[in-house]
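These notes concern the structure reproduced below.
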Amino acid sequence: MALIRSMLQNELGTHFAKNPTSGMPQGQNVAKAYKNYLQSAQNTGGFPFSTVMTEPFGLNMGQVFEGKFPAGMSIGQALAAQLTNMALTFMSGQQIGPPVTPPSHLPQLMNLFNAYAPSPMDFGRALGGIMDDWTKTWVVSGLIPGTPPVPFSGPLS
């Protein structure tokens, strides 16, 4: 399988449209939707998703959404940190360590939370798009078994 942008965007859009208020459920919904999305990932070596932790990151993201921050940029930074921490728990077949996750999602998240609020559905879809773009910049490395083992390194697909 492959990472499907629209799957993440639609799931997040639906979650935010059904429950437009902020708070703990939103953070847990974001973590769950992200895990569902990552389950279709395949690394450059051709090996599928193995696991990613959603907790405590879903709870932490919920606390970010519940928090009283003075500016949207603060919320974007806090959410980016939780997403990065969650990403570092991602594992796929024959992977030899956590993915390299550049902070390229930080400016987009800061802008999303600092801009005029679109509809809850549009907000969720925009968040999903940012997360998809960022995930596709990760570099996952591993070894294909054999004699000698064959190294691989590259983005998820």
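Any residue that is free of Cβ contacts under 8 Å to residues at least 40 places away in the same chain and in a loop (DSSP other than H, G, I, E, B) - is there at least one of those in segment 108-115?
Taking segment 108-115 first, the residues free of Cβ contacts under 8 Å to residues at least 40 places away in the same chain are 108-111.
Checking which are in a loop (DSSP other than H, G, I, E, B) leaves us with none.
So far as segment 108-115 goes, no, none of its residues is free of Cβ contacts under 8 Å to residues at least 40 places away in the same chain and in a loop (DSSP other than H, G, I, E, B).
When you check residue 131 against the structure, is it modelled with pLDDT of 95 or more, in a helix (DSSP H, G or I) and hydrophobic (A, V, I, L, M, F, W, C), yes or no? Explain how you work it out, then say what you get.
Values: modelled with pLDDT of 95 or more: yes; in a helix (DSSP H, G or I): yes; hydrophobic (A, V, I, L, M, F, W, C): yes.
In short, yes.
Among residues of segment 119-136 that are at positive phi, none has a beta-carbon under 6 Å from a residue that is modelled with pLDDT of 95 or more at least six positions away or on a different chain.
Number of residues in segment 6-26 that are in contact with an Asp or Glu (Cβ under 8 Å, 6 or more places away or on another chain), at pLDDT below 95 and under 17 Å from residue 83 (Cβ atoms): the value is 2.
When you scan segment 30-46, do you find a residue that is surrounded by fewer than 19 Cβ atoms within 10 Å (Cβ to Cβ), closer than 21 Å to residue 75 by Cβ, touching a Leu at 6+ places or on another chain (Cβ under 9 Å) and touching a residue at least 40 places away in the same chain (Cβ under 8 Å), even just one? So far as segment 30-46 goes, no, none of its residues is surrounded by fewer than 19 Cβ atoms within 10 Å (Cβ to Cβ), closer than 21 Å to residue 75 by Cβ, touching a Leu at 6+ places or on another chain (Cβ under 9 Å) and touching a residue at least 40 places away in the same chain (Cβ under 8 Å). Filtered by the rule that a residue be surrounded by fewer than 19 Cβ atoms within 10 Å (Cβ to Cβ), of a type in the set (A, V, I, L, M, F, W, C) and in contact with a helix residue (DSSP H, G or I) (Cβ under 9 Å, 6 or more places away or on another chain), segment 81-137 gives 81, 115, 117, 121.
Here residue 74 meets each of (1) in contact with a helix residue (DSSP H, G or I) (Cβ under 9 Å, 6 or more places away or on another chain); (2) buried (at least 18 other Cβ atoms within 10 Å of the Cβ) with one exception, condition (2).
The values are calculated or read from the model by the stated rules, or taken from the named source; none is laboratory data. Since the model is a prediction, treat every value here as computed from it, not as a measurement. Positions of Cβ are backbone-derived with ideal geometry, glycine not excepted, and every protein chain shown enters the neighbour counts.
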